[in-house]
Amino acid sequence: MNLQQLEYIVSVDVHRQFIAAAEANHVTQATLSMMVKKLEEELGVQLFDRSRQPVRPTPAGERVIARAKEILRGVQRLRESVAEEQHGLSGELRLGIIPTLAPYLLPLFIAPFLERYPEVRLSVSEHTTEELVRRLRDDSLDAGILATPLKASGITEHPLFYEPFVVYASSVEQWPRKRYLLSEDIDVERLWLLEEGHCLRSQVVNLCALKRREKELHRLDLEAGSIETLKKIVETNRGITILPELAVKDLSAQQRRNIRRFQAPVPVREVSLVTAHHFSRTRLVQALCDEVMRSVPAAMRSKERTRKIPVQVRERNGRGANAL
């Protein structure tokens, strides 16, 4: 048994055709088929049902392929760790990020990070929280940036910063005559939310205790798919919304008049870089964490400095957040 044979059976499982797997590995179909057959003989089990098209793994084959993937991931991690020690930070880092962070956080750290580490190639994609965690587990992403805590099995969280929530309101809204707001001051009948599934939505639900006041939500018949949509709805209609701090950083002076802040302890969302437990490129992870933390305002880097209280990602009924 050798690594090449393990790569071949994983490739057949991916492509579900011997000829396609052979082309992907730049060998002839005869060579690949012979190597797979030798592995089957060595293990004493049939790995693939060849009587069907597309080819499918047998039950025993599924178990062997799962172990082969683990072995190949381990070998790749070993190679990356050795290369990192010998040559410094280099290679590709596949980074996922949730959409309610991407447009506001990525421009702050990507250029400085790539300038500081010219041998690193950063591949960035947006995903919901659920999809991002799934991709970390199946090794199609190396790291992710999202709202935490998740407390998801197999996932390591590296807290980066604590982003305050602010109230963004229509200019015609009437407010209590005080400088800072409490969550109890939010009129839920005038509150615009992101659509179901967004973890930012579930945090706002928790912040305003909407689960206990759900009878008041009967007028919320329009739910937005993005933070930018929420801003436009508020600016062109009556109503309010609750946004993370970075999303209002570039507002005009006129727009900033619509912002109201919460009384301390300020509600925040904890933002973390997450990896699968098995991800071994610790120096690269730390370098990215350091760059992200340098890119955000200093006041966000500590939960204690400005009396902040993290808002849970999970909804009060115990369901995990599925997105944003």
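The values are calculated or read from the model by the stated rules, or taken from the named source; none is laboratory data. The structure presented is a predicted model; accordingly, all values stated were derived computationally and were not measured. A quick note on method: Cβ atoms are made from the backbone with ideal geometry, for glycine too, and the neighbour counts reach across all protein chains shown.
Before moving on, here are some points about what is shown:
- There is at least one residue in region 76-96 that is under 22 Å from Arg269 (Cβ atoms), under 15 Å from the mean Cα position of the chain (by Cα) and either touching a residue at least 24 places away in the same chain (Cβ under 8 Å) or surrounded by fewer than 16 Cβ atoms within 10 Å (Cβ to Cβ) (or both).
- Of the criteria (1) part of a helix (DSSP H, G or I); (2) surrounded by fewer than 16 Cβ atoms within 10 Å (Cβ to Cβ); (3) in contact with a helix residue (DSSP H, G or I) (Cβ under 8 Å, 6 or more places away or on another chain), which one Val64 fails: (2)
- Only listed residue being among the β-branched types (Val, Ile, Thr), farther than 26 Å from Leu284 by Cα and out of contact with any Lys or Arg (no Cβ under 9 Å at 6 or more places or on another chain), chosen from Val64, Val55, Val75, Val82: Val64
- Applying the criterion of at least 3 residues that are modelled with pLDDT of 90 or more and under 20 Å from Gly96 (Cα atoms) to the strands (runs of 3 or more DSSP E) found wholly in region 258-315 leaves 266-276.
- When Pro99, Pro103 are checked against the criterion of being under 25 Å from the mean Cα position of the chain (by Cα) and either assigned to a loop (DSSP other than H, G, I, E, B) or surrounded by fewer than 13 Cβ atoms within 10 Å (Cβ to Cβ) (or both), a single residue qualifies: Pro99.
- Any hit, region 67-75, residues being in a loop (DSSP other than H, G, I, E, B) and surrounded by 15 or more Cβ atoms within 10 Å (Cβ to Cβ): no
- Region 126-140 residues that are over 22 Å from Ile65 (Cα atoms) and in the same structural domain as Leu93 (by the TED database), paired with ones that are at pLDDT below 90 and among the β-branched types (Val, Ile, Thr) (beta carbon under 8 Å, 6 or more apart): Thr129/Val313
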